[in-house]
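Trainee: Quick one: this structure, given as C-alpha cells, is what I'll be asking you about.
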Amino acid sequence: MDTRKINGAYSTGSDLSEQIKEVTKDSHVRAENTQLMLNYQKGQITLPQYKILLCSLYEIYRALEEELDRNSAHPAVEPIYFPQELSRLESLERDLEYFFGPQWRKKVTVPAATHRYTERLREIGRSMPNLLIAHAYTRYLGDLSGGQVLLKITQKSMGLGKEGVAFFSFPGVTSPHRFKQLYRSRMNSIELSEEERRKVLDEAVKAFEFNIEVCLM
Ligand code: HEM
C-alpha cells in the first residue's frame with residue numbers, strides 16, 4: 001500500500017493508521033533525538049528532570065482524557081475510546097504522589113510548552129473532535145510502544161522499585177502488540193472525508209511537535 005506523499009498530497013486509498021505513521025516518521029526520529037530522550041535512553045535522566053516530565057504528562061493526559069471523555073460518543077472518538085485499557089491519569093496521579101507527597105497537587109508546575117499543548121487539546125475537544133484521533137494516537141500508541149523498555153530504564157536510572165512507575169503499566173492490556181493492532185483497525189474504521197483525513201494527518205505532525213517542545217524543557 002502506498003502511503004508516500006505525492007505532489008504535496010497524501011495518497012488516497014491507504015489506511016489512516018499507515019498514513020499517520022508515515023507522515024509522522026521524521027517527527028518521530030526528531031522526538032527520539034531530543035536531548036532529553038537521548039539522555040533518557042542512556043539512563044541519564046535526572047530525578048528533577050523526570051519530575052518535570054511527569055508533571056507535563058499529567059497535564060497533557062488530564063486535558064486529553066477529559067476531552068476524550070467529553071466526546072466519547074462522537075463518531076470519530078467512539079471507536080478509539082478505550083478508557084479502561086489506556087487511561088493514564090490515575091497512574092500519573094499515583095506517581096506524582098509518590099514523588100511529591102500527599103500535597104502533590106500544589107506542586108505540579110509545567111513549562112510554557114506544556115500549556116500550549118494542553119490549550120490546543122482543549123480547543124480541539126471543544127470544536128474539532130475529529131482531531132482528537134491524532135493526539136490520542138501520538139500519546140497512547142507511543143506509550144504502548146515504550147512500555148517495558150522504558151519501565152526498566154526509569155527504574156534503573158532513578159533507583160526505583162515497583163513504586164513511582166505506574167505510568168508504564170497498562171494492566172488492562174495483555175498484549176501491547178495485539179492491542180495496537182486493534183487500535184489501528186479501529187482508527188481505520190472511522191469515516192472521514194479526504195479533507196478531514198488530511199487535517200487529522202496534519203494534526204498528528206503538530207502533536208509530535210508539541211511533544212518535542214515539551215521535551216526541550
Ligand atoms: C526515547 C524516545 C523514543 C523511543 C526510543 C521510541 C521508540 C519507539 C518504538 C521502538 C516504537 C515501535 C515502532 C513499531 O512498532 O514500528 C515506537 C512507536 C511509536 N512512538 Fe516512539 N519512541 C520514542 C519517543 C516517542 C515520542 C516522544 C513520541 C510522541 C509523543 C512517540 C510516539 C510514538 C508513536 C505514536 C508510535 C506508534 C507508531 C505506529 O505504530 O503507528 N515516541 N516508538
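The values are calculated or read from the model by the stated rules, or taken from the named source; none is laboratory data. Predicted model, so just to flag it, every value in this text is computed and none were measured. Cβ coordinates were reconstructed from backbone atoms using ideal geometry, including for glycine residues, and neighbour counts include every protein chain displayed. With ligands, DNA and RNA removed, areas are computed over all heavy atoms of the protein, side chains included. Shrake-Rupley method; radii C 1.70, N 1.55, O 1.52, S 1.80 Å.
Trainee: For a quick check of your reading: which helices (runs of 4 or more DSSP H) sit entirely within the range 76-192 and have at least 3 residues that are away from the ligand (no atom under 13 Å from the Cβ) and more than 27 Å from residue 203 (Cα to Cα)?
Mentor: Filter on the range 76-192 gives 89-100, 104-107, 142-158.
Trainee: Which of the residues that make up the range 23-39 are near the ligand (Cβ under 9 Å from one of its atoms), open to solvent by less than 80 Å² (accessible area, probe 1.4 Å) and within 20 Å of residue 184 (Cβ to Cβ)?
Mentor: Result: 24, 27, 31.
Trainee: Pairs needed: first member in the range 71-96, closer than 16 Å to residue 60 by Cβ; second member anywhere, open to solvent by 40 Å² or more (accessible area, probe 1.4 Å) and not in a helix (DSSP H, G or I); C-beta distance under 8 Å; at least 6 residues apart or different chains.
Mentor: If the second residue must be open to solvent by 40 Å² or more (accessible area, probe 1.4 Å) and not in a helix (DSSP H, G or I), the pairs left are 86/172; 91/169.
Trainee: Among the candidates 53, 68, which residue alone is at pLDDT 95 or above, under 17 Å from the mean Cα position of the chain (by Cα), closer than 21 Å to residue 185 by Cα and not hydroxyl-bearing (Ser, Thr, Tyr)?
Mentor: One residue alone meets the criteria, 68.
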